[in-house]
């Protein structure tokens, strides 16, 4: 059983009202069932008419407005979940259009006096070892963050595997059952011996870190799983306001995207083991240092703070 349901991006609604036209009433423009690139060819355009109908004019305006909204969001630096093609006319409206949430704050620009709580996660796969750093939000999700920190401090996550990886969507870990490679058929069902009250305050965006949970049908209060968490890397709009976001990836997003494209089985579990070696909680003051020859920004790499290094690591970092 998976604790984050397979979902498709939400249905878009675009309603345009044309005022001052007695022959035309406001009409609702329907959107497709999913916001994802079309895998089928676009229908051939209809033969041009000498005089376009009022409905055709409304549809054209709707498409132009939709395109303008997404282009404006992209220019503003938002992390959009957007289609590659203009929405068609199939589907049923289910709610207002949700624009992408703003891009996260650049860690290189954090104020000198700011103190942030970070989770430094060491991940191993393909014979390599890499680092992902997560800023935690104890003020918005105090119970969730406290539970996560307790697990990290006790070594609970050490040696667990990523049991779910979906390209353009998310990667997920934290199931205690993944410590046993022979129990793969049960992966994704552990961590239910304890649940955490929902603390749904922050929106999803690229790099959001949130707790997994059971579906609304069996979990109407949306309580979080006791240990499983996921990191969103796209197509996250359908998760908005439904899962507790308690952190944000500030470095190593490229690592997570790499994991998301690894070969998986029928349950979206990576065929080759991707393991969490450790997660260390630290307090970091001031801006983060950009690693040499790596530009800051989405997916940018930042040097690990000295407090996240061992004695030898701190010495070598200062020497080099």
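The values are calculated or read from the model by the stated rules, or taken from the named source; none is laboratory data. Keep in mind it's a predicted model, so treat the numbers as computed, not measured. Heads up, the Cβs are rebuilt from the backbone with ideal geometry, glycines too, and the neighbour counts pull from every protein chain shown.
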The correct count of residues that are assigned to a loop (DSSP other than H, G, I, E, B), more than 14 Å from the chain's Cα centre (by Cα) and crowded, with 17+ Cβ neighbours inside 10 Å in region 225-261 is 3
When (1) touching a strand residue (DSSP E or B) at 6+ places or on another chain (Cβ under 9 Å); (2) in a loop (DSSP other than H, G, I, E, B) are applied to residue 168, the one that fails is (1)
Among (1) assigned to a strand (DSSP E or B); (2) touching a residue at least 40 places away in the same chain (Cβ under 8 Å), residue 210 falls short only on (2)
If we ask which residues in region 131-161 are within 14 Å of residue 117 (Cβ to Cβ) and part of a loop (DSSP other than H, G, I, E, B), their number turns out to be 5
Among 205, 222, the single one that is touching a residue at least 12 places away in the same chain (Cβ under 8 Å), surrounded by fewer than 24 Cβ atoms within 10 Å (Cβ to Cβ), part of a loop (DSSP other than H, G, I, E, B) and touching a strand residue (DSSP E or B) at 6+ places or on another chain (Cβ under 8 Å) is 205
Q: Scan region 170-180 and give yes if some residue there is more than 22 Å from residue 279 (Cα to Cα) and buried (at least 23 other Cβ atoms within 10 Å of the Cβ), otherwise no.
A: no
Practice item. Kindly check whether there is at least one residue in region 292-299 that is at pLDDT below 95, outside the structural domain of residue 131 (by TED's automatic domain parsing), in contact with a helix residue (DSSP H, G or I) (Cβ under 6 Å, 6 or more places away or on another chain) and surrounded by fewer than 19 Cβ atoms within 10 Å (Cβ to Cβ). Key: no
